[in-house]
Amino acid sequence: MEEKKTVLSVKNLSVSFTQYERWIKRTTLLAVKDVSLTVREGELVAVVGSSGSGKSLLAHGVLGILPYNAAWSGEISYYGEKLTEKRMGQLRGKEIVLVPQSVSYLDPLMKAGAQIRNGKRDQGSMGESLKTLKRYGLDETVEKLYPFELSGGMTRRILISTAVMEKPKLVIADEPTPGLHLEAAKRVLSHFREMADEGAGVLLITHDLELALEVADRIVVFYAGTSVEEASASDFRDERLLRHPYSKALYMAMPDHGFCAAPGAQPYIKDRPSGCPYAPRCERREAKCLEKVDYVSLAGGMVRCVKAEEG
């Protein structure tokens, strides 16, 4: 069986922001720290974590659309070649597309069909936009509607439609399901699964682990700005297969496992310890957990936990 090519490779990505306190003192806030992941052809990788964990900054860093006061370090590659700012500018919107979190990305003064056709470099035909609408379960009458006339689920599908007109090789979906009822959310995520099945690499950013497990091949668990575990989606069938205490806590907080919430809260970025960010909440923590902890390969996945390494 031919090995699938790696579409996206992120190694040791860190994102920081320059801020000023009381308009005078300049400080640097390290929002994302030492994140690594890969996305292969035909694969959907979900980055899962709570709000404020830095998931969207990962997406924006890959796409080269960070705010003016942000800086990043690390290595980002696309099909084995370094993804420079110039190269990203050439690929963004064509081979690499973003399905954004906010529906405000749609032009409120432009009809849905025209916005879908704008997703194609040569301004695709009405026939193409109608075909795309049908693909995502939308009636052809939607072609002539403005964004304010669409439901939340319809708007999400229009956003997806604008992104897929160029048949992208890498799709980055940033929280594509907020505000949708369960069935609509499942339908939206099934579209991303379909893109992966057709050969694209899909990076899904979400806070909903339960939904992610229905479509993802692999799960990258984010906590306080860094990745603490990477696991196969199938590993979440059994708590014992998971490597990091936070992943286990997420497992136990799922509806089927009792809604058992772990005590404590995710620390603010400024208060993140230098070692495992989950250490202050972990029952198994030791002094060395608060020191530097590497992200290492373990049992077919990755983990940032010295206790997991020990077994």
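Tell me which of these I160 doesn't satisfy, since it passes every other one: (1) touching a residue at least 60 places away in the same chain (Cβ under 8 Å); (2) touching a Leu at 6+ places or on another chain (Cβ under 8 Å); (3) hydrophobic (A, V, I, L, M, F, W, C).
(2)
Return the total of residues in the stretch 153-179 being within 19 Å of L133 (Cα to Cα) and either among the aliphatic types (A, V, I, L, M) or part of a strand (DSSP E or B) (or both).
Residues of the stretch 153-179 that are within 19 Å of L133 (Cα to Cα), as a first pass: 153-168, 171, 173, 176-177.
When the remaining residues are screened for being either among the aliphatic types (A, V, I, L, M) or part of a strand (DSSP E or B) (or both), the result is 154, 158-160, 163-165, 171, 173.
Qualifying residue count, the stretch 153-179: 9.
State all residues of the stretch 34-67 that are under 23 Å from E194 (Cβ atoms), in a loop (DSSP other than H, G, I, E, B) and touching a Ser or Thr at 6+ places or on another chain (Cβ under 9 Å); if no residue qualifies, say none.
E41
From the list P267, P245, exactly one residue is buried (at least 16 other Cβ atoms within 10 Å of the Cβ) and either in contact with a strand residue (DSSP E or B) (Cβ under 6 Å, 6 or more places away or on another chain) or closer than 18 Å to G54 by Cβ (or both). Which is it?
Numbers: P245 fails: either in contact with a strand residue (DSSP E or B) (Cβ under 6 Å, 6 or more places away or on another chain) or closer than 18 Å to G54 by Cβ (or both).
None of the others qualify; the one that does is P267.
Could you check the stretch 158-194 and list, in sequence order, the residues that are on the phi > 0 side of the Ramachandran plot and among the small types (G, A, S)?
Initial filter on the stretch 158-194 (on the phi > 0 side of the Ramachandran plot): 167, 175, 179.
Listed by number, the list holds a single entry, G179.
State whether the residues of the stretch 27-47 include one that is farther than 28 Å from E210 by Cβ, at pLDDT 90 or above, surrounded by fewer than 17 Cβ atoms within 10 Å (Cβ to Cβ) and among the polar types (S, T, N, Q).
No, the stretch 27-47 contains no residue that is farther than 28 Å from E210 by Cβ, at pLDDT 90 or above, surrounded by fewer than 17 Cβ atoms within 10 Å (Cβ to Cβ) and among the polar types (S, T, N, Q).
Pairs only if they're at least six apart or on different chains, beta carbon under 7 angstrom, first in the stretch 130-152 and on the phi < 0 side of the Ramachandran plot, second exposed (fewer than 14 other Cβ atoms within 10 Å of the Cβ); list them, first residue then second.
Partner pairs satisfying both residue conditions: L130/E140; L133/E140; Y146/P108; P147/P108; F148/P108; G152/G179.
The values are calculated or read from the model by the stated rules, or taken from the named source; none is laboratory data. Given the structure is predicted, the values throughout are model-derived calculations rather than measurements. Heads up, the Cβs are rebuilt from the backbone with ideal geometry, glycines too, and the neighbour counts pull from every protein chain shown.
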